[in-house]
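Participant: Take this structure, written in structure tokens, and hold onto it; I'll ask about it next.
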Amino acid sequence: MTPAARLSAAIEVFADIEARRRPAADALKDWGLSHRFAGSGDRAGIAGLVYDALRRKASSAWLMGEATARAVLIGMLRRERGLATADIAALCSGARFAPAPLTEAETAALDAGTLDAAPAQVQGDYPDWLDPYLTRVFGDERAAEGGALASRAPLDLRVNTLATTREAMLPRLSHLGAAAARWSPEGLRIHLAADAKSPAIHAEPTYLKGQIEIQDEGSQLAALLSGATPGEQVVDLCAGAGGKTLALAAAMDNHGQIYATDTDKRRLAAIHERIARADARNIQVRTPRGDADVLADLAGRADLVLIDAPCTGTGTWRRNPDAKWRIRPGSLAERLKEQAAALERAAGLVKPGGRIAYITCSVLNEENGGQVRAFAAGHPDFSVEKPGEVAKALGERAYLFSRAVLISDDGLLMTPRRTDTDGFFVGLLRRSA
């Protein structure tokens with residue numbers, strides 16, 4: 001397919017997403033099934049255009065003066081891809097399979113359009129109803145923070161130190177352009193161009209041997225900041241597929257014990273194969289069984305309970321740009337209930353002197369500091385660890401990291417703008433001895 005044909009297809013898919021309010025992945029899959037002539041490169045190129053349009057949906061519509069699928073895709077080519085008007089016009093030539101030629105109004109918008117008068121939610125490309133929430137966290141910087149959350153994320157890897165070292169992996173992954181991550185001592189980063197196809201990491205020999213895992217640097221840091229050490233008894237309360245569980249096992253050098261569980265056993269489906277591949281030998285998976293409490297024998301015994309809390313995922317918008325347009329106030333309210341329940345469950349597992357690491361991939365205060373404060377107020381035997389002390393788990397990187405993150409009395413917040421990671425909140429609560 002030509003670049004112009006890919007643009008036409010992306011406009012078609014985007015229109016389907018908007019009309020049927022469906023996930024982008026579903027719309028792209030359906031398009032691919034009904035257009036089997038399109039190769040993998042074509043499908044990846046179309047997906048890239050669609051996701052970039054979702055990233056810059058509000059600002060592209062403002063720039064073009066209308067919110068049609070065509071307007072958003074054309075506006076995105078200027079906003080996200082930085083194409084000149086002449087280059088966009090060349091794609092919209094009206095030739096076979098190409099979009100219709102630019103109108104005078106479209107050309108004028110591309111030439112003279114500006115976001116100078118646009119409200120923060122347009123400049124930052126996030127839903128209107130979230131503006132008060134982001135204002136409470138970022139104030140006048142919310143548009144800039146939202147804009148960073150709208151950019152395409154790099155591909156981050158975590159080196160499994162149970163099997164190898166980052167220094168050993170760098171030359172073996174040089175063909176992918178992998179470089180050492182900024183903050184995580186086990187992190188590698190692969191920068192991707194706007195129209196690049198993600199590399200097939202799952203087919204890499206280093207991945208198949210368990211030497212690397214796909215994990216955002218912010219997620220790696222969140223696990224490190226929990227401060228897990230060899231020999232401890234650790235509960236991963238919302239383990240899911242096991243990304244942070246495996247990071248904890250590496251930090252503990254396979255010594256001590258990790259009990260991994262989740263309220264939904266379906267989320268644990270992938271963890272068993274990942275544990276085996278990583279050769280993590282100190283993990284015991286506790287799969288839910290009806291109403292039985294599979295952690296009952298651990299009451300009051302844990303040195304650390306890690307809560308990778310269910311949340312709105314506002315910190316992952318770089319990777320899930322369609323999710324931000326589908327989030328509703330009702331889903332926030334539901335997540336708040338689940339987070340409070342997870343914290344309450346964790347309280348019964350922590351031994352005197354032990355701690356809870358409360359983590360979200362959200363940037364909303366209601367899910368972050370608000371939950372920490374509410375828990376601490378209701379549990380006087382727990383106190384909030386000073387974020388500066390928490391950051392010391394990063395060693396020599398701690399000082400600069402502490403200056404980069406957004407610190408409050410309740411924890412620390414990473415964002416793409418501040419730390420070039422996904423948005424992650426980390427708060428530590430320690431039980432009195």
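The values are calculated or read from the model by the stated rules, or taken from the named source; none is laboratory data. Predicted, not measured: the structure shown is a model, and the values here were computed from it. Methodologically, a virtual Cβ is constructed for each residue, glycine included, from the backbone with ideal geometry; neighbour enumeration extends over all protein chains shown. Heavy atoms of the whole protein, side chains included, go into the accessibility calculation; ligands, DNA and RNA do not. Shrake-Rupley method; radii C 1.70, N 1.55, O 1.52, S 1.80 Å.
Participant: For region 73-179, how big is the tail of P(r) above 22 Å, as a whole percent of Cα pairs?
Facilitator: Summing the P(r) tail past 22 Å for region 73-179 gives 58 percent.
Participant: Oh, and also: Let me understand the chain better: what is its radius of gyration from the alpha carbons, and its Dmax, in angstrom?
Facilitator: My reading of the Cα-based Rg and Dmax gives 22.9, 74 Å.
Participant: Note down the accessible area of L170, probe 1.4 Å, to the nearest 10 Å².
Facilitator: Its heavy atoms expose roughly 50 Å² to the probe.
Participant: Please sort by residue number the trypsin sites (Lys or Arg not before Pro) in region 74-142 whose DSSP state is loop and whose Cβ has at most 13 other Cβ atoms within 10 Å. Could the numbers behind the result be given before it?
Facilitator: Numbers: sites: R78, R79, R81, R96, R136, R142; in loops: R81, R96.
In loop regions of region 74-142 (DSSP not H, G, I, E or B), the sparsely surrounded trypsin sites (Lys or Arg not before Pro) are R96.
Participant: Still on this structure: I need the shape label for region 1-42. Rule: rounded when a/c is under 1.5, else prolate if a/b > b/c, else oblate, with a, b, c from the alpha carbon gyration tensor.
Facilitator: Taking the square roots of the gyration eigenvalues as a ≥ b ≥ c, region 1-42 is oblate.
Participant: Taking the inverse of the average 1/r across all pairs of different Cα atoms in region 335-377, what Kirkwood radius in Å do you get? Before the final figure, lay out the partial values.
Facilitator: Details: mean 1/r = 0.0919 Å⁻¹.
One decimal place: 10.9 Å for the Kirkwood radius.
Participant: Give me the angle, in degrees from 0 to 90, between the Cα long axis of helix 69-79 and the longest principal axis of the Cα atoms of the chain, rounded to the nearest 10.
Facilitator: Taking Cα atoms only, the helix is inclined about 70 degrees.
Participant: Count charges around F138 for me, please; just the other residues with Cβ under 12 Å from its Cβ, Lys/Arg as +1, Asp/Glu as -1.
Facilitator: Residues near F138 contribute 0 overall.
Participant: Suppose we keep just the alpha-carbon trace of region 152-309; what are its Rg and Dmax in angstrom?
Facilitator: So, for region 152-309, Rg and Dmax equal 16.1, 51 Å respectively.
Participant: Another question, then. Can you flag which of K265/K392; K209/K337; K265/K386; K209/K392; K29/K57 are past 30 Å Cα-Cα?
Facilitator: Numbers: K265/K392 34 Å; K209/K337 40 Å; K265/K386 34 Å; K209/K392 32 Å; K29/K57 21 Å.
Over 30 Å apart, Cα to Cα: K265/K392; K209/K337; K265/K386; K209/K392.
Participant: Using the alpha carbons of region 232-277, what is the convex hull volume per residue in cubic angstrom, as a whole number? Spell out each step's value before the answer.
Facilitator: Numbers: hull volume 2.7 nm³, N = 46.
Taking the convex hull of the Cα positions in region 232-277, it is 58 Å³ per residue.
Participant: Mind checking the dipole of region 316-380: about its Cα centre, +1 per Lys or Arg Cβ, -1 per Asp or Glu Cβ, Debye to the nearest 20? All intermediate terms of the calculation are to be shown ahead of the outcome.
Facilitator: Details: 11 positive and 6 negative charges, 37 e Å.
Computed charge dipole of region 316-380: roughly 180 debye.
Participant: Where does each of 126-134, 291-299, 105-113, 48-56 land if you order them by average Cβ count within 10 Å, highest first?
Facilitator: The peptides rank, most packed first, as 48-56, 126-134, 105-113, 291-299.
Participant: Related question: Can you give the net charge of the other residues whose Cβ lies under 12 Å from the Cβ of P154, counting K and R as +1 and D and E as -1?
Facilitator: Overall, the nearby charge balance is 0.
Participant: Which whole number of Å³ per residue matches the convex hull of the alpha-carbon atoms in region 100-156?
Facilitator: With only Cα atoms used, region 100-156 gives 142 Å³ per residue.
Participant: Turning to a different aspect of this structure: Leaving ligands, DNA and RNA out of it, rank L73, L406 by accessible area with a 1.4 Å probe, largest first. Walk me through the intermediate numbers first.
Facilitator: Working: L73 0, L406 50 Å².
Putting L73, L406 in descending order of accessible area: L406, L73.
Participant: Using every Cα-Cα pair within region 345-401, state what percent have a distance larger than 17 Å.
Facilitator: Values: 782 of 1596 pairs.
In whole percent, the share of Cα-Cα pairs in region 345-401 beyond 17 Å is 49.
Participant: Calculate the tail of P(r) for region 320-433: the fraction of all Cα-Cα distances greater than 21 Å, expressed in %.
Facilitator: In whole percent, the share of Cα-Cα pairs in region 320-433 beyond 21 Å is 40.
Participant: Could you quote the convex hull projected area for region 173-248, Cα atoms only and averaged over all directions, in nm²?
Facilitator: 6.3
Participant: Computed over the Cα atoms of region 218-322, what is the convex hull's projected area averaged over all directions, in nm²?
Facilitator: Convex hull of Cα atoms, orientation-averaged projection: 7.2 nm².
Participant: Counting only other residues whose beta carbon sits under 11 Å from that of G210, what net charge do I get with K and R as +1, D and E as -1? All intermediate terms of the calculation are to be shown ahead of the outcome.
Facilitator: Working: positive: K209, R274, R277; negative: E213, E273, D279.
Residues close to G210 contribute a combined charge of 0.
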